[in-house]
Amino acid sequence: MSKKQDVAFNFEESLASLEKLVSAMEEGELSLEESLQAFEQGIRLTRECQGALQKAEQKVQILMDENGAPVPADCDDQP
C-alpha cells in the first residue's frame, strides 16, 4: 500500500487547510516560491475534496436507487 492509502482522508481538515492557503495568498505576504507551493498544495487539496464529494454523491445516489426516492416532508403542516 502507498502512503496515501494508509492515511485516511479528512474532508473537513482538507477544507480548513485550503481556506488557510487562500487567506495566506490573499494577504500577499508570501514570496513567489511560497505562493507557487501554496498554489500547488491548493490544487491538490481541491482535487481531493472534489473526489470525496463525488464519492459521497455516488453513495447517496446508490442509496436513493436502492430505497427509492425520498418523500419530501411538508414542514408547513406541523403545529
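What the table shows:
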item	result
Within the range 61-79, considering residues that are closer than 30 Å to Asn10 by Cβ and exposed (fewer than 10 other Cβ atoms within 10 Å of the Cβ), the one modelled with the highest pLDDT	Asp65
Residue selected from the range 29-46 under the condition within 16 Å of Phe9 (Cα to Cα) and among the hydrophobic types (A, V, I, L, M, F, W, C), by the criterion surrounded by the fewest Cβ atoms within 10 Å (Cβ to Cβ)	Ile43
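The values are calculated or read from the model by the stated rules, or taken from the named source; none is laboratory data. Since the model is a prediction, treat every value here as computed from it, not as a measurement. All Cβ positions, even for glycine, are placed from backbone atoms using ideal geometry, and neighbour counts span all protein chains on display.
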